[in-house]
1. Of everything in region 143-171 that's within 17 Å of the chain's Cα centre (by Cα) and surrounded by fewer than 18 Cβ atoms within 10 Å (Cβ to Cβ), which residue is nearest to residue 93 (Cα to Cα)?
2. Given the conditions (1) part of a helix (DSSP H, G or I); (2) assigned by TED's automatic domain parsing to the domain that holds residue 226; (3) surrounded by fewer than 18 Cβ atoms within 10 Å (Cβ to Cβ), which single one is not true for residue 110?
3. Please go through region 266-286 and pick out each residue that is surrounded by fewer than 22 Cβ atoms within 10 Å (Cβ to Cβ) and not in a helix (DSSP H, G or I).
4. Being assigned to a loop (DSSP other than H, G, I, E, B), surrounded by 19 or more Cβ atoms within 10 Å (Cβ to Cβ) and out of contact with any helix residue (DSSP H, G or I) (no Cβ under 7 Å at 6 or more places or on another chain) is true for just one of 81, 103. Which residue is that?
5. Could you tell me which residue of region 41-77 is farthest from residue 162 (Cα to Cα), considering only residues that are part of a helix (DSSP H, G or I) and touching a residue at least 24 places away in the same chain (Cβ under 8 Å)?
6. Here is a list of conditions, (1) surrounded by 12 or more Cβ atoms within 10 Å (Cβ to Cβ); (2) assigned to a loop (DSSP other than H, G, I, E, B), and residue 3 meets all of them except one; can you say which number that is?
7. Could you pull out the residue among 123, 177, 140, 132 that is part of a helix (DSSP H, G or I) and touching a residue at least 24 places away in the same chain (Cβ under 8 Å)?
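The values are calculated or read from the model by the stated rules, or taken from the named source; none is laboratory data. Just so you know, these numbers come straight off a predicted model, no measurement behind them. Methodologically, a virtual Cβ is constructed for each residue, glycine included, from the backbone with ideal geometry; neighbour enumeration extends over all protein chains shown.
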């Protein structure tokens, strides 16, 4: 098969099952080859569905507007910090929680994008306790699966405390997470109480309904219309947020795929949904963290 086949929902569903459930690349490629005709074409299709670590960033590492540094603290917190350069007044802060591959170049770019909007932005490496984010994304996913939830949430809380005490921060902090990080953003909102003023979850797993009463942050939840696995939890989460009178907004983007914000994954990136969700996210942070 010489021509590249059209990327279909079945192909994307197979990839989603591989990355979030089985983590068995060989079996995934065998199943995809049955659809596209052969293993070589399956590899080419996968290159369009998966993220590209070498994609051109939206906000470059040498952006003159920003001060950027890597952070390693004695308490085990490791990550990537970016903030506006030369700001005279203190700014609100945002923790950026990565996907299930670790603190990859795309997420560092998102940290810089947040900083370029006027925030002190910090992306923790949740894989630091296991040696840090690897270049091999399949290995990163395997490492994510080994993390224990209490330790993950503890790291989130350390990141919030770090930013609250940072000299450039006004003391108000939000979190935004994507995919695996979206679920962690939700869980962090449950655990952080009054320390957290705003949380945004992109296509993230929802917390238990009985835990929603603990949330004190203003919530914004973005979901992809073609994300059956994650969307199954929307109704129960919405009902719990409403029952507890938690300030929240929920947006579902028709036609968008899971990971629609990731512009380094061509087949799943949705320009319109991404831009709309980003504008809403930054707008909410500017309102809630002022």
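1. Going through region 143-171, the residues within 17 Å of the chain's Cα centre (by Cα) turn out to be 143-145, 147, 149, 152-153, 155-157, 159-160.
Among the residues that remain, those that are also surrounded by fewer than 18 Cβ atoms within 10 Å (Cβ to Cβ) are: 145, 147, 149, 153, 157.
Values: 145: 28, 147: 25, 149: 24, 153: 18, 157: 13 Å.
Among them, the one singled out is 157.
2. Residue 110 satisfies all of (1) part of a helix (DSSP H, G or I); (2) assigned by TED's automatic domain parsing to the domain that holds residue 226; (3) surrounded by fewer than 18 Cβ atoms within 10 Å (Cβ to Cβ) except (3).
3. 266, 267, 269
4. Working: 81 fails: assigned to a loop (DSSP other than H, G, I, E, B).
Checking each option against the conditions leaves just 103.
5. Result: 41.
6. With (1) surrounded by 12 or more Cβ atoms within 10 Å (Cβ to Cβ); (2) assigned to a loop (DSSP other than H, G, I, E, B) applied to residue 3, the lone miss is (1).
7. On the way: 123 fails: part of a helix (DSSP H, G or I); 177 fails: part of a helix (DSSP H, G or I); 132 fails: part of a helix (DSSP H, G or I).
Only one candidate passes the filter, namely 140.
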